[in-house]
Every structure is written in C-alpha cells, then in structure tokens.
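Peer 1: What follows is a single structure, and I will ask about it in a moment.
The values are calculated or read from the model by the stated rules, or taken from the named source; none is laboratory data. Bear in mind the structure is a predicted one, so any value in this text is a computation, not a measurement. Cβ placement follows ideal geometry from the backbone for every residue including glycine, while neighbour counts extend to all protein chains displayed.
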Amino acid sequence: ATAAGQYDLVVIGGGPGGYVAAIKAAQLGMKTACVEGRGSLGGTCLNVGCIPSKSLLHNSHLYHVAHEEFTKRGIEVTGLKVNLATMMKQKEKSVTGLTKGIEFLLKKNKADYIKGWGKIVNAGEVSVAGLDGTTSTLKTKNIIIATGSEPSPFPGVEIDEKVIVTSTGALSLEKIPESMIVIGGGVIGLELGSVWTRLGSKTTVVEYADAIGAGMDADMAKLFQKTLQKQHMNFKLGTKVISAKKNAAGKVDVVVEPSKGGPRETLTVDVVLLSIGRRPFTQNLGLDKAGVKVDNKGRVVTDHEFKTNVPGIRAIGDVIAGPMLAHKSEEEGIAAVEYIKSGHGHVNYNAIPSVIYTHPEVAWVGLNEAEAKAKGLQYNVGTFPFSANSRAKTMDDADGTIKIISDKKTDKILGAHIIGPGAGEMIAEAVLAIEYGASSEDIARTCHAHPTLSEAFKEACMATYDKAIHF
Ligand code: FAD
Ligand code: NAI
C-alpha cells in the first residue's frame, strides 16, 4: 500500500456532483482529490445517462423527421435508412470527448483524479482500491460523498442488458428491436422509448400509475401522451407488470394486469426496458462502519449544509434526497464546497428545472396546479399554444403549449410548464423569473424578439393577468 498526501477534501464519485465539487474546491484553494472507480469521469450523466441519451435522441429525431416529414416539407430523399453502428459511434464520440474534457478540467484546476473505488475508513481517511490493482489511503480534512445512483431492480426480472435492459443497455442495443416494452412511463422510459420508436420499434409503455411523466402537471401529462401517441408510441396506463422472462425463442414474455386487479395478459416482445426509477448507490462505501446514517430508501441523510451525522463527511447529488438530476447535483456540489470553505452556500430547490428531451420537449419548474392547490394558494393560470406562435408555424413544429401559474394576489410566477420545440432552453427564462421573484407582468412587459418561440412564453405570461394578443 502506498500512502498519498494530506488533502483538504476528498470527493468520492466523479459524476456531475463530484467532479464539479472537486473543481470548485480546487479553485477555492483546497488541496482536492476526486476518486472515481468506473475508469472515466462524468458519472452516470456523461457515461450512461444525459449525454449518450441526448445524442441518440437528436439523431433519431433527425431520422424521424427525414422519414415522416421531409416529403411534405419539399425535400425528396430516396434510399433513406439508419446505420445504427454509425449512430452509436457518434454517440460514443460525444461521450469520450466530454469525459476526457472533464479529466482536462480537473488537471487544469490542479485537483487530483484518483482512479479507483473509495471506501470511507473514518472521517479523516479514505482507502482506495486502485484500478491498477494497488491500494492507497488518502488522509483528508473533509469528505464529500457523491456516489450517485443506479437503476432500481424489479424483483424477479433478471437484467442481461441485451434483451432485458436498463437504460444502460437501451443506450447500446446492437440492432433495432422489432418490438419493445418499456416498464415505467417516467423520464427514462419516455426518452429512450422515443429513441427506439423513431428508429422503427413497435413500443408499448406499461405504467403503473394512471398518467405518464412521473409527477408532471396533469394537463401537460395528458397532452404529452397524445403527442407521443401521434409518434406511434403505445401506452398501457394503470397497468402493472407481474413478470418478464426470456423465453426459449430468445424473446421476452411480459405478464401484465390492471393495477387495480383484473385479467392477466402476456405480451411477447424482443426487448424489455426496465425504467421504474433509480436508487442511491452506496455499495462498499463503508457507510456502516463510519456510522453515516441513511434513510429508509438508502439515501444518505444530510442537513441543509449537506452535512451527514458524522462531522467532516458531507453528501450531495443522487445519493441524497431530492430530484435525481445532473444540474441539481452540480448546484449541491458547489454549495457543499462553499459551506466547507466559508460557511455559506445556496441551492434554491423551488427553482430546479426538469426537462424531458423528447420532441417536442417537455420542461417545467416550480409548482404544478395540483401542488398549488394542495398548498391552498390562490392562483391564475395563463396558457398559450404553439399553434398560435408564428415561428412554430414557420417551422411546422407547433405541437405543444405553455401553462403559467402565478399567484393571484402578487402575480409572482409560481410555476411554468412547457411542451414545445426548444422547451428545455425556454424554461431557463422561467427559472430566472422564479429565482428573481418576477411577476408574470414583468415578463409580459419584457420585449421578446419576433419571430421567436419565446414570444409564446411572453404571451402565456400575459394571459395570466390579462389577455394574450395572438390567441
Ligand atoms: P453519478 O452521476 O451517478 O456519479 C457518481 C459516480 O460515483 C459514478 O461515476 C460512480 O462510478 C462513482 N462511484 C460510486 N461509488 C464510488 C466509490 N465508492 N468510489 C469511487 N467512485 C464511486 N439528468 C439530467 O439532469 N438531465 C438529463 O438529461 C438526464 N438524463 C439521464 C438519462 C439517463 C439514461 C439516466 C440514467 C440518467 C439521466 N439523468 C439526467 C440523471 C443524471 O445522470 C444524474 O442525476 C446525475 O448523473 C447524478 O450525478 P451524481 O454526481 O450525483 O451521481
Ligand atoms: P422515474 O421516477 O422518472 O419514472 C419511473 C416510472 O415508473 C414512474 O412513472 C412510476 O410510476 C413507474 N413505475 C414504478 N414502478 C412500476 C412498476 N412496477 N410497473 C410499472 N410502472 C412502474 O424513473 P426513471 O424514468 O427510471 O428515471 C430515473 C431518474 O433518472 C429520474 O429520477 C430522472 O430524474 C432521471 N433522469 C432524468 C432525465 C432528464 O432529466 N431528462 C432523463 C432520464 C433520467
């Protein structure tokens, strides 16, 4: 065993939470190490999450548009087909470009990247089983746990990442399945289900709840489902999966029944994607021995400064409570380091956007209508459809709408919900509004360029306290 130097901070996990914390700490002058065991930086997000999924979403969308819409747009192509191997190569290029980029950023900021699996020995010591076979011990004043999450298993469903896959396998299928069942109509199921539907799979989403979108605004969820149905995605809502087993022919038999009980049905498909949520990843981390508390879902328990119950050990990102989103992990990474350095940090949990990167995209921030009601708030709702927006019309891409919820008394924006082209970029305007406490009138009186999609956002704001002009 080799002994390494004394650190101010050792971050365990090199995902968006961990690597951002390491860079920030190094920038603030702390001697910092980031321990990562998967062999490349960027965590779930860059390696098997946000980045590869967005590459496949983008390219499958281009194919879908070429296949289904080019002719009506006056573009005539013959011999159009998918080269899946090339599409996958392009995906890998985007991943390695970015993961290497993070390695460079750590180096540039003089944070050490330690390749191996970290284990907490005590609040001042992390042992590392190096990927090169050596072990070492890092002495440190502070530890941040940023070990992220992994797919939740389904009892009795055996993942082989070939025919019964999690998101990881679904990002690397070697051929386009003729048929596919997606278990769970949440973010992963809808994004990756879209990818394979666009490439030609007959896809059915089986969802336990009565709505898709894992908790999005109810009106928007309904509209979103209709849009996906138009794109040939099928849904079985209010349905639970009993079992999914590989059969002798190499296909998968999926037994389902209505969530409330009723007759069972067996569906046979080429590939099953299991996407019923993710759970914190803390295996072999030594939490037990170090005495770090976890809750009933296995999440590391922290206070608002990201402190665990053990002094000197903090935790951030997917491994603690809150939405499992890369940007949430990043915000917490920076705040946790600032708390260590100066005692002050900031994360506004009311202003964390959610985006589903289908086409059209879905994005929201703040309260949905059911949440506003549950809080007993008096509110106004303003809506504006993209079918009344000139830019969306010119693009012939006008599916979707915007719904703004504002406080009846103060007109402050409480929530914004968008389905439409570019919704994921547009939501930044709403996040900024909420962060700064803007009213819907503040936005409606702000000049927006014409013709742009963002005019629809302005008009939806106008519709909360007055009338929209173009609808
Ligand atoms: P992770 O990214 O999970 O990183 C943790 C890292 O710690 C891992 O690399 C792991 O190998 C390492 N590690 C764990 N234990 C140890 C140990 N003991 N020693 C050393 N290293 C260890 N979020 C978005 O915001 N936008 C998206 O578009 C999006 N798309 C997604 C698509 C998919 C298919 C999936 C699966 C997720 C997606 N997410 C998205 C969620 C996002 O990936 C996570 O929220 C984010 O990666 C969490 O960051 P993290 O740093 O907390 O954890
Ligand atoms: P999710 O929580 O978004 O959705 C899971 C869905 O599965 C829910 O609708 C739930 O009702 C359903 N479900 C649960 N058990 C079921 C069962 N037994 N049978 C049928 N349906 C069942 O989880 P998902 O999609 O796995 O994603 C995990 C996490 O990754 C999410 O928390 C999300 O935040 C993150 N992510 C974010 C993305 C983004 O920001 N664009 C993209 C992909 C993932």
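Per-residue answers, yes or no, for (1) part of a strand (DSSP E or B); (2) surrounded by fewer than 18 Cβ atoms within 10 Å (Cβ to Cβ):
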{"position": "HIS61", "(1), (2)": "no, yes"}
{"position": "LYS72", "(1), (2)": "no, yes"}
{"position": "VAL121", "(1), (2)": "yes, yes"}
{"position": "LEU138", "(1), (2)": "yes, no"}
{"position": "PRO153", "(1), (2)": "no, yes"}
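Peer 1: Can I ask one more? If we keep just the residues of region 27-59 that are more than 8 Å from ligand 1 (Cβ to nearest atom) and crowded, with 24+ Cβ neighbours inside 10 Å, which is nearest to the chain's Cα centre (by Cα)?
Peer 2: Going through the qualifying residues, I end up with LEU56.
Peer 1: Before we move on, is ILE75 in contact with a Gly (Cβ under 6 Å, 6 or more places away or on another chain) and either among the β-branched types (Val, Ile, Thr) or modelled with pLDDT of 95 or more (or both)?
Peer 2: Numbers: in contact with a Gly (Cβ under 6 Å, 6 or more places away or on another chain): no; either among the β-branched types (Val, Ile, Thr) or modelled with pLDDT of 95 or more (or both): yes.
The answer is no for ILE75.
Peer 1: Do we find a residue being in a helix (DSSP H, G or I) and acidic (Asp, Glu) anywhere in region 190-202? Write out each step before concluding.
Peer 2: Step one: filter region 190-202 for residues in a helix (DSSP H, G or I), giving 190-198.
From the residues that got through so far, the ones that are acidic (Asp, Glu) too are 191.
Within region 190-202, one or more residues are in a helix (DSSP H, G or I) and acidic (Asp, Glu).
Peer 1: For region 351-440, which fully contained helices (runs of 4 or more DSSP H) count at least 2 residues that are crowded, with 23+ Cβ neighbours inside 10 Å?
Peer 2: 423-435
Peer 1: Something else about it: Could you figure out which of (1) within 21 Å of LEU173 (Cβ to Cβ); (2) within 15 Å of ligand 2 (Cβ to nearest atom); (3) of a type in the set (Gly, Ala, Ser) isn't true of SER259?
Peer 2: (1) is the only condition that SER259 fails.
Peer 1: Additional query: Are there any pairs, at least 6 apart or on different chains, whose C-beta atoms fall under 7 Å, with the first in region 307-320 and without any contact (Cβ under 8 Å) to a residue 60 or more places away in the chain and the second buried (at least 16 other Cβ atoms within 10 Å of the Cβ) and assigned to a loop (DSSP other than H, G, I, E, B), and if so, which?
Peer 2: Hits for this filter: ASN309/VAL292; ILE320/ARG299; ILE320/THR302.
Peer 1: Would you pick out the residues in region 246-267 that are outside any loop (DSSP other than H, G, I, E, B) and either in contact (Cβ under 8 Å) with a residue 60 or more places away in the chain or over 32 Å from the mean Cα position of the chain (by Cα) (or both)?
Peer 2: First pass over region 246-267, keeping only residues outside any loop (DSSP other than H, G, I, E, B): 246, 252-258, 265-267.
Answer for region 246-267, where residues must be outside any loop (DSSP other than H, G, I, E, B) and either in contact (Cβ under 8 Å) with a residue 60 or more places away in the chain or over 32 Å from the mean Cα position of the chain (by Cα) (or both): LYS246, VAL252, VAL254, LEU267.
Peer 1: Of everything in region 138-162, what is hydrophobic (A, V, I, L, M, F, W, C) and either without any contact (Cβ under 8 Å) to a residue 24 or more places away in the chain or under 15 Å from VAL241 (Cβ atoms) (or both)? Give them in sequence order. Reasoning before the result, please.
Peer 2: Looking only at region 138-162, we keep the residues that are hydrophobic (A, V, I, L, M, F, W, C), and these are 138, 143-146, 154, 157, 159.
Once the filter is applied, which keeps residues that are hydrophobic (A, V, I, L, M, F, W, C) and either without any contact (Cβ under 8 Å) to a residue 24 or more places away in the chain or under 15 Å from VAL241 (Cβ atoms) (or both), region 138-162 yields PHE154, VAL157, ILE159.
Peer 1: Report, by residue number, each residue of region 300-344 that is basic (Lys, Arg), more than 8 Å from ligand 1 (Cβ to nearest atom) and in a helix (DSSP H, G or I). Don't jump to the end; show me each part of the working.
Peer 2: Start the filter on region 300-344 by keeping residues that are basic (Lys, Arg), which leaves 307, 314, 328, 341.
Still in the list and also more than 8 Å from ligand 1 (Cβ to nearest atom): 307, 314, 341.
Scanning region 300-344 gives a single hit, LYS341.
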